[in-house]
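What follows is one structure encoded as structure tokens, with my remarks underneath.
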Amino acid sequence: MASRTFGRTTVTTPDLDEPGLRLAGVEALDGPEGVVQDFVYGGVELRSLALSGVRLVTGRVSGVRAQRVEFDGVTVHGVEVSGSDLGAVRWRGGRLCRVHIRDCKLMGAALEGVVLDDVLFEKCRFDYAGFAQVRAAGPVVFAGCVLTEAAFTGCDLSGAVFSGCRLALTEFGGGRYRGADLRGNDLAQVRGVAQLAAVRIDPDQQVDLGLALVRELGIAVGDA
């Protein structure tokens, strides 16, 4: 079983090279019975990619570029997504389990009510993305991701890991972040510092959070 460790958190990733596993190419991700399994899909440019109630099980998605993406109640298990531009994807409901998403653009994405369990986002761009009521049911890691002006609202990301991410003006709104690991990130520009009770940081990040809190509270420093 493949896995990656970040600090104290180990996330299980898809093992698509295990002996005996054969993946077959498919031309679409909407199987006739609502299930696409043991598949390879990619190398396409689409005006629209819309899926509803579909289960994607064990496969690779790569090189997909879509102008409009709508996922509703989509379940993804044991899938690797790489080198794709899903733009401002709208993803409502559904569950991701043992999923590795890397080198992808999801700028302006909106994820709502999605459950994450053993999910690794690696070197992805989430600029201006919105996460609403997203829940971590297992290990969740953002590694080397850009989350400029992304917003988390009503999420439960307890125990999630942000490792080497760009968190410029990233907003942590109301929600649960207890035990989230924010070590190794520049926190000076994060928003919603008051929501980050019981997170884990490095000693030298205390200054970053202090600066962010001063800015957030509008505290005037100095005699001017």
Next item on the list: Treat each spin label as a single point 7 Å out from the Cα along the C-beta direction, and report the ARG47 to ARG68 distance in nm.
Entry: 0.9
Next item on the list: Calculate the dipole size of the stretch 15-132 relative to its Cα centre from +1 charges on Lys and Arg beta carbons and -1 charges on Asp and Glu beta carbons; express the result in debye to the nearest 20.
Entry: 340
Next item on the list: Please get the size of the charge dipole for the stretch 81-224, origin at its Cα centre, with Cβ charges of +1 on Lys and Arg and -1 on Asp and Glu, quoted in debye to the nearest 20.
Entry: 480
Item checked: Packing rank of 196-205, 26-35, 54-63, where each peptide gets the mean count of other beta carbons within 10 Å, highest leading -> 54-63, 196-205, 26-35
Margin query: Using a Förster radius of 22 Å, what is the FRET efficiency between ALA197 and ARG8 based on their Cβ-Cβ separation? Nearest 0.05, please.
Written below: 0.75
Notebook entry, point to check: Using modelled amide H (1.01 Å from N, peptide plane; none on Pro or chain starts), what sits under 5 Å from the amide H of ARG68, excluding residues fewer than 5 places away?
Noted result: SER48, LEU49
Next item on the list: Can you bin the chain into rounded, prolate or oblate? Criterion: square roots of the alpha carbon gyration tensor eigenvalues sorted a ≥ b ≥ c, rounded for a/c under 1.5, prolate for a/b above b/c, oblate for the rest.
Entry: prolate
Check: Based on the alpha-carbon gyration tensor of the stretch 37-151 and its eigenvalue square roots a ≥ b ≥ c, which shape applies: rounded if a/c is under 1.5, prolate if not and a/b is larger than b/c, or oblate?
Finding: rounded
Note to self: Using the Cα centre of the stretch 21-61 as origin and beta-carbon charges of +1 (Lys, Arg) and -1 (Asp, Glu), tell me which of LEU23, LEU49, GLY34 is placed farthest towards the positive end of the dipole.
What the structure shows: LEU23
Checklist line | Under the Karplus curve 6.51 cos²θ - 1.76 cosθ + 1.60, θ = phi - 60°, whole-Hz ³J(HN,Hα) for the stretch 9-16, x wherever Gly or Pro sits | finding: 10, 10, 10, 7, 10, x, 9, 8
Check: Using the Karplus equation 6.51 cos²θ - 1.76 cosθ + 1.60 (θ = phi - 60°), what ³J(HN,Hα) coupling, rounded to whole Hz, does each residue of the stretch 175-182 give in order, writing x for Gly and Pro?
Finding: x, 10, 10, 4, x, 5, 9, 10
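How do the peptides 173-186, 209-222 rank, highest first, by the average count of neighbouring beta carbon atoms within 10 Å per residue?
Top of the packing list down: 173-186, 209-222.
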Next item on the list: Would you pull out the residues with amide H under 5 Å of GLY59's amide H, same chain only if 5 or more places away, H placed 1.01 Å from N?
Entry: PHE39, VAL79, GLU80
Checklist line | Angle between the chain longest axis and helix 206-217 axis [Cα atoms, degrees, rounded to 10] | finding: 80
Next item on the list: Enumerate the calculated ³J(HN,Hα) couplings along the stretch 43-50 in order (Karplus 6.51 cos²θ - 1.76 cosθ + 1.60, θ = phi - 60°), each rounded to whole Hz, writing x wherever the residue is Gly or Pro.
Entry: x, 10, 10, 10, 6, 8, 10, 10
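Where only protein heavy atoms count, and the probe is 1.4 Å, what is the accessible area per residue for the chain in Å²? Provide the component values of the computation, followed by the final result.
Details: 10910 Å² over 224 residues.
For the chain, the solvent-accessible area averages 49 Å² per residue.
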Check: Amide H to amide H, which residues 5 or more places from ALA151 or on other chains are under 5 Å from it, using H placed in the peptide plane?
Finding: ALA129, GLY130, PHE131, GLU171
Checklist line | Residue-averaged 222 nm ellipticity for the chain, from DSSP H runs of 4+ at -39500 (n - 2.57), nearest 500 | finding: -1500 deg cm²/dmol
Notebook entry, point to check: How much of the accessible area of the chain, in percent, comes from carbon and sulfur atoms when a 1.4 Å probe is used?
Noted result: 47
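Within the stretch 119-152, report the trypsin sites (Lys or Arg not before Pro) that DSSP leaves as loop and that have at most 16 other Cβ atoms within 10 Å.
Answer by residue number: LYS123.
The values are calculated or read from the model by the stated rules, or taken from the named source; none is laboratory data. On a predicted model such as this, the values are computed, not experimentally measured, just so you know. Cβ sites come from the backbone with ideal geometry, for glycine too, and all protein chains shown count toward neighbours. Remember, those area values only see protein heavy atoms, side chains included, never the ligands or the DNA or RNA. Shrake-Rupley method; radii C 1.70, N 1.55, O 1.52, S 1.80 Å.
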